[in-house]
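To start, the structure under review is shown below, and the notes come after it.
The values are calculated or read from the model by the stated rules, or taken from the named source; none is laboratory data. If you're wondering where the values come from, they're calculated on a predicted model, not measured in any experiment. Note that we place each Cβ from the backbone using ideal geometry, even for glycine, and neighbour counts take in every protein chain shown.
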Amino acid sequence: MAKWKKGLAAGLLALSALALAAAQLGAPARTQAVLGEVKLPAGPYVALTFDDGPRAATTTPLLDGLAQRGVHATFFVIGENVEGNELLLQRMEGEGHQVGLHTYHHKSLDGLNASDFYAEVDQLRETLTALLGRTDFMLRPPYGMMSPAAQARAAAPIILWSVDPEDWSDRDTGRQTAAILDNVKDGDIILLHDIYPASVDTALQVVDALMVQGYHFVTVEELFAIRGRTPEQGAVYRRLPPD
Ligand code: NI
């Protein structure tokens, strides 16, 4: 449990900043007291997540767009894409985004033997630990598939999603944006891929549209903290709705 402390503390820090920003915007009516003295906006909250990157040509403009909007997201990265993009990973961490595991070679964890599992998950964790100086990475299994044995071996909370515009199926930002906006609710985890230019446009358009509606964009770790829940290793999460 202790290994999650740093992440949650960082999340709380970000949330205090969020609360401060809300106070400056003069929105005290929409705040509520949770987590002790920290005042949080009442929400709604949503977590944008990006799989299969990083890819410099698309992830860089995405990070620029998120920074302009003061928005944090979560990136489930592939090990072989980390190679050569180390500075991009450090930028993510430094700008308050959450980095998570998506295997070394985008392999399905359904039915992998122990040594393959080590090569796909544990070696990526070691790579990211060397780069970012932390060990508490959440896991998103490729294709959302995992055997019970792999789940038990994960040594990480398993993060799936609740809103999927299937952005890999076309490059149609208008359709993808509508698919998200038509379905999103408080506590949702949205799945996109930061390897397609159209998906980057979709993400930023969704941020702009939902911020107007009062949504706050947080990392998955921050969403756990906001909901007062502790991520459990080997447990599967699709969304974190309010109680
Ligand atoms: Ni994937």
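Looking only at residues of the range 127-175 that are within 16 Å of the ligand (Cβ to nearest atom) and part of a helix (DSSP H, G or I), we find that the one that is modelled with the lowest pLDDT is A150.
Against the condition more than 16 Å from the ligand (Cβ to nearest atom), at pLDDT 95 or above and either assigned to a loop (DSSP other than H, G, I, E, B) or closer than 26 Å to V184 by Cα (or both), how does A67 come out, does it pass? So A67 fits the description; yes.
If you filter the range 92-116 down to residues that are part of a helix (DSSP H, G or I) and surrounded by fewer than 20 Cβ atoms within 10 Å (Cβ to Cβ), you find that the one that is nearest to the ligand (Cβ to nearest atom) is D116. Does the range 164-173 include one or more residues that are hydroxyl-bearing (S, T, Y), surrounded by fewer than 20 Cβ atoms within 10 Å (Cβ to Cβ) and free of Cβ contacts under 8 Å to residues at least 40 places away in the same chain? The answer is yes, given that some residue of the range 164-173 is hydroxyl-bearing (S, T, Y), surrounded by fewer than 20 Cβ atoms within 10 Å (Cβ to Cβ) and free of Cβ contacts under 8 Å to residues at least 40 places away in the same chain.
The C-beta contact set for the range 101-122 (first residue closer than 17 Å to A156 by Cα, second residue among the basic types (K, R) and away from the ligand (no atom under 15 Å from the Cβ), distance under 8 angstrom, 6+ apart or interchain) comprises L101/R125; A114/R153; F117/R153; V121/R153. With respect to G96, is the statement that it is out of contact with any Leu (no Cβ under 8 Å at 6 or more places or on another chain) and over 30 Å from K185 (Cα atoms) true? In short, no.
Could you please give the count of residues in the range 44-61 that are within 16 Å of the ligand (Cβ to nearest atom) and either of a type in the set (A, V, I, L, M, F, W, C) or part of a loop (DSSP other than H, G, I, E, B) (or both)?
Of the residues in the range 44-61, the ones within 16 Å of the ligand (Cβ to nearest atom) are 48-55, 58-59.
Still in the list and also either of a type in the set (A, V, I, L, M, F, W, C) or part of a loop (DSSP other than H, G, I, E, B) (or both): 48, 50, 52-55.
Matching residues across the range 44-61 total 6.
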